[in-house]
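Worksheet: the structure to be examined is printed underneath.
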Amino acid sequence: MSSIQNKVNVVVTGTEWMGSGVGSIETVIADLFKTVISELYISAYAISNSSDLFFEWLEKALQRGIKVKILINRLDEQPFEVRGRLKNLLINFPHFFLYEFKSTENVDLHAKVIAIDRKKALVGSSNLSKRGLISNFEMGLLAEGPVADTITNTLDKLVLKSPRIMAHDL
């Protein structure tokens, strides 16, 4: 009987942390977007106007037919430009699903997760911004194996309680 093992790697941004077997958050995210086969799941606290790389990766995945779900904290507080870009994706890609986490108890979704195919998940401190992906001192864990499925299933619980956003809502 074989057992599937979890594999975890540390990834960072900030040049002083790089090296010695520690990977780059930007490189890992780019790889996740390139290698996803069917499902991409993202939870985000903030997406900034300077997140061109993120939107480039996202659009390429959608063009390949990847089902994408994004759960974002307080969508109405995200930058106008970001809401416009998300609206365009909703209009152009029927397999793009956007959900808003908005609590009545004055709490926030602060989890930053990118999961693919329920097999790999990046959990870390980086917001989806140029600084969060490249220059800030951020840290994350890239998990592979059954734990990635657990992470994605946990996100599913929040999505089920969050309103789905349609293009006309933006």
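The values are calculated or read from the model by the stated rules, or taken from the named source; none is laboratory data. Here the structure is a predicted model, which means the values were calculated and not measured. Positions of Cβ are backbone-derived with ideal geometry, glycine not excepted, and every protein chain shown enters the neighbour counts. Just the protein is used for accessible areas: all its heavy atoms, side chains included, with ligands, DNA and RNA removed. Shrake-Rupley method; radii C 1.70, N 1.55, O 1.52, S 1.80 Å.
Here are some notes:
- Accessible area in square angstrom per residue, segment 67-170, 1.4 angstrom probe: 52
- Segment 1-159 shape via C-alpha gyration tensor axes, a/c threshold 1.5: rounded
- Carbon and sulfur %, accessible surface of the chain computed with the full protein complex present, 1.4 Å: 54
- Distant-in-sequence amide H partners of Phe101 (H built 1.01 Å from N, under 5 Å): Ile72, Asn73, Arg74, Leu75
- Short-range pairs are left out: with C-alpha atoms under 8 Å and at least six residues apart, the relative contact order of segment 122-170 is 30 percent.
- From phi via Karplus (6.51, -1.76, 1.60), per-residue ³J(HN,Hα) for segment 151-161 in Hz, x at Gly/Pro: 4, 5, 4, 5, 4, 3, 4, 6, 4, 4, 9
- Antiparallel bridges, percent of DSSP beta bridges restricted to the chain (to nearest 5): 60
- In order along segment 129-140, the Karplus-derived 3J(HN,Hα) couplings, from 6.51 cos²θ - 1.76 cosθ + 1.60 at θ = phi - 60°, round to 9, 4, 5, x, 8, 10, 9, 5, 8, 10, 9, x Hz, and Gly and Pro are given as x.
- Potential lengthening between Asp156 and Ser135 on full extension [0.36 nm per residue; Cα-Cα distance subtracted]: 4.5 nm
- Label zone at Thr104 (point 7 Å along Cα-to-Cβ), backbone N below 14 Å, segment 146-170: 162-163
- Total formal charge among the other residues, if their Cβ is under 12 angstrom from that of Arg164, Lys/Arg +1 and Asp/Glu -1: 0
- For the chain, adding -39500 (n - 2.57) for each run of n ≥ 4 DSSP H residues and dividing by the number of residues yields -9500 deg cm²/dmol at 222 nm.
- Note: relative contact order over the chain, using C-alpha pairs below 8 Å and six or more positions apart, is 32 percent.
- Counted charge near Arg64, where neighbours are those whose Cβ lies closer than 14 Å (Asp, Glu -1; Lys, Arg +1): -1
- In a DSSP loop and with at most 13 other Cβ atoms within 10 Å, the trypsin sites (Lys or Arg not before Pro) in segment 121-162 are Lys161.
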